[in-house]
Amino acid sequence: QVQLVESGGGSVQAGGSLRLSCAASGRTFGNYGVGWFRQAPGLEREFVVRISRSGGTTLYADSVKGRFTISRDNAKNTVYLQMNSLKPEDTALYYCAASRVVATTPRDYDYWGQGTQVTVSS
């Protein structure tokens, strides 16, 4: 069992930065890859980025490549998402999720956090 709690969301102007954190409980956190997803009102949940169990492999959606950076610290059971050069279209509720398989679709993730809101104004 893994429980995930996101934090770090907020409101920023376009071009600004935020760093999201995903804190996990459970001794098996290192056995899971972690993904970030986002969902804007009226839209489907969208894959943003994923990091492997060791942190050695990452996969980014084209829309955030070069602006967002994911990292993890397994000793602290935490995954981070550094978001730079934010755009209004990045506005959404951001979720972290854990999966044992390499995946970019929400249905392949076993555990989810409650989400943290990111709002980017123009």
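The values are calculated or read from the model by the stated rules, or taken from the named source; none is laboratory data. Predicted model only: the values in this text are computed from it and were never measured. Cβ placement follows ideal geometry from the backbone for every residue including glycine, while neighbour counts extend to all protein chains displayed. Ligands, DNA and RNA are stripped out before the accessible areas are found, and what is left, the full protein with its side chains, is counted by its heavy atoms. Shrake-Rupley method; radii C 1.70, N 1.55, O 1.52, S 1.80 Å.
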(Q) Residues to consider are 38, 72; find the one that is modelled with pLDDT of 95 or more, assigned to a strand (DSSP E or B) and farther than 20 Å from residue 11 by Cβ. (A) 72
Q) Any idea which of 72, 45, 53 is touching a residue at least 40 places away in the same chain (Cβ under 8 Å) and charged (D, E, K, R)? A) 45
Q. Does segment 77-108 hold any residues that are farther than 22 Å from residue 42 by Cβ, in contact (Cβ under 8 Å) with a residue 40 or more places away in the chain and not in a strand (DSSP E or B), and which are they?
A. 77, 84, 85, 100, 101, 102, 103
Q: Check off (1) closer than 15 Å to residue 111 by Cβ; (2) in a loop (DSSP other than H, G, I, E, B) for residue 65 and give me the number that stays unchecked.
A: (1)
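Per-residue answers, yes or no, for (1) over 13 Å from residue 20 (Cβ atoms); (2) among the acidic types (Asp, Glu); (3) under 11 Å from the mean Cα position of the chain (by Cα):
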position: 54; (1), (2), (3): yes, no, no
position: 60; (1), (2), (3): yes, no, yes
position: 81; (1), (2), (3): no, no, yes
position: 84; (1), (2), (3): no, no, no
position: 100; (1), (2), (3): yes, no, no
Q | Matching residues, segment 1-19, being under 18 Å from residue 72 (Cα atoms), of a type outside the set (Asp, Glu), open to solvent by less than 30 Å² (accessible area, probe 1.4 Å) and not in a loop (DSSP other than H, G, I, E, B) | A | 4, 18
Q) In this structure, does residue 49 turn out to be farther than 14 Å from residue 93 by Cβ, open to solvent by less than 60 Å² (accessible area, probe 1.4 Å), modelled with pLDDT of 95 or more and in contact with a Leu (Cβ under 7 Å, 6 or more places away or on another chain)? A) yes
(Q) Of everything in segment 71-108, what is open to solvent by less than 10 Å² (accessible area, probe 1.4 Å) and within 19 Å of residue 59 (Cβ to Cβ)? Give them in sequence order. (A) 79, 81, 83, 90, 92, 94, 96, 97, 98, 99, 103
